[in-house]
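**Student:** Dropping a structure here in C-alpha cells format, bear with me for questions.
Read the figures in this text as sums done on the coordinates, not as results from a lab. This one's a predicted model, so the numbers in the text were calculated from it and none came from an experiment. Note that each Cβ is placed from the backbone with ideal geometry, even for glycine, and that neighbours are counted across all protein chains shown.
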Amino acid sequence: MSSARIFVNVDEELKHNTQRVFNEMGMDMTTAITLFLRTVEREERIPFDIRTKRAYYGVLDHEYIKKELDKSMAEANDPNTPRFTHDEVMSSLKQQREARNHAI
C-alpha cells in the first residue's frame, strides 16, 4: 500500500498537548490520526458527537433561563416546599449509595 502525506496546521500548544497524551497511550501522532481516519472510514461518520454549545447545553436562551430561575425562586419561597438539612441530604445519599453497592 502506498502512503500519502497530509499537511495540517494546528496550534503549537495543541500539537504538544496531544502528542503528550498519545505518547502516554503508546502511540505517535501519525498512528493517532490514522486511527481516527480508519474509524471514519469504517463507521462512515466522525466517531464522536459534534454539537453547537446550544445543542450541547440545551437552550441557552436568556428568556428560558430567566423563566427557570423565576420558577426556582418561587419554589424556594413557597412555604409548602419541603426543607431538608444538609445532614438529612447527606444521610439520604449515603443510604442510596449503600443500597446501590449491596445491589451490585
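**Student:** Students often get this wrong, so try it: which of (1) 19.3, 67; (2) 18.7, 63; (3) 24.6, 74 is Rg and Dmax of the Cα atoms in Å as calculated from the structure shown?
**Tutor:** Step by step, Rg and Dmax of the Cα atoms in Å for this structure corresponds to label (3).
**Student:** Give the separation of the Cα centroids, the range 1-65 to the range 68-104, in Å.
**Tutor:** Each part reduced to its Cα centre gives a spacing of 39 Å.
**Student:** What is the order of Arg97, Arg83, fewest Cβ neighbours within 10 Å to most?
**Tutor:** Arg83, Arg97
**Student:** How long is the gain from Glu88 to His102 if the chain were fully straight, where each residue apart is worth 0.36 nm and the alpha carbon distance is subtracted?
**Tutor:** On the way: separation 14, 0.36 × 14 = 5.04 nm, distance 2.12 nm.
The span from Glu88 to His102 would gain 2.9 nm if fully extended.
**Student:** So if I place +1 on the C-beta of Lys and Arg and -1 on the C-beta of Asp and Glu, and nothing else carries charge, what would the dipole magnitude of the chain be about its Cα centre? I want it in debye, nearest 20. Please report the intermediate quantities before stating the final value.
**Tutor:** On the way: 16 positive and 18 negative charges, 48 e Å.
Magnitude of the dipole: close to 240 debye.
**Student:** Test of the criteria: in the range 1-53, which chymotrypsin sites (Phe, Trp or Tyr not before Pro) are in a DSSP loop and have at most 11 other Cβ atoms within 10 angstrom of their Cβ? Walk me through the numbers on the way to the answer.
**Tutor:** Working: sites: Phe7, Phe22, Phe36, Phe48; in loops: Phe7, Phe48.
Answer by residue number: Phe7, Phe48.
**Student:** Still on this model: Ignoring everything except DSSP H segments at least 4 long, calculate the 222 nm mean residue ellipticity for the chain; use -39,500 (n - 2.57) per segment, divide by total residues, nearest 500.
**Tutor:** On the way: 5 runs with 67 residues, N = 104.
So the helix-based figure for the chain works out to -20500 deg cm²/dmol.
**Student:** If the cut-off is 19 Å between C-alpha atoms, which lysines fall inside it for Lys53, apart from same-chain ones fewer than 8 positions away?
**Tutor:** Here the lysines satisfying the reach criterion relative to Lys53 are Lys66.
**Student:** Placing +1 at every Lys and Arg Cβ and -1 at every Asp and Glu Cβ, with all other atoms neutral, what dipole size does the range 1-50 have around its Cα centre, in debye to the nearest 20? Could you put the intermediate results ahead of the total?
**Tutor:** Working: 6 positive and 9 negative charges, 41 e Å.
Charge dipole of the range 1-50: 200 debye, to the nearest 20.
**Student:** Can you pull the three principal axis extents for the Cα set of the range 1-50, in Å, largest first?
**Tutor:** Computed over the range 1-50, the largest-to-smallest principal extents equal 31, 29, 23 Å.
**Student:** Among rounded, prolate and oblate, which fits the range 53-103 when a ≥ b ≥ c are the square roots of the eigenvalues of its C-alpha gyration tensor, a/c under 1.5 means rounded, and a/b larger than b/c means prolate?
**Tutor:** It comes out oblate by the Cα gyration axes.
**Student:** Relative to the Cα centre, what is the charge dipole magnitude of the range 53-103, using +1 at the beta carbon of each Lys and Arg, -1 at the beta carbon of each Asp and Glu, and rounding to the nearest 20 debye? Before the final figure, lay out each step's value.
**Tutor:** Details: 9 positive and 9 negative charges, 58 e Å.
For this selection, approximately 280 debye.
**Student:** Of Thr85, Thr30, how do they rank once you tally other Cβ atoms within 10 Å and put the fewest first? Intermediate results must be reported in sequence, preceding the final value.
**Tutor:** Numbers: Thr85 8, Thr30 11.
Fewest-to-most ranking of Thr85, Thr30: Thr85, Thr30.
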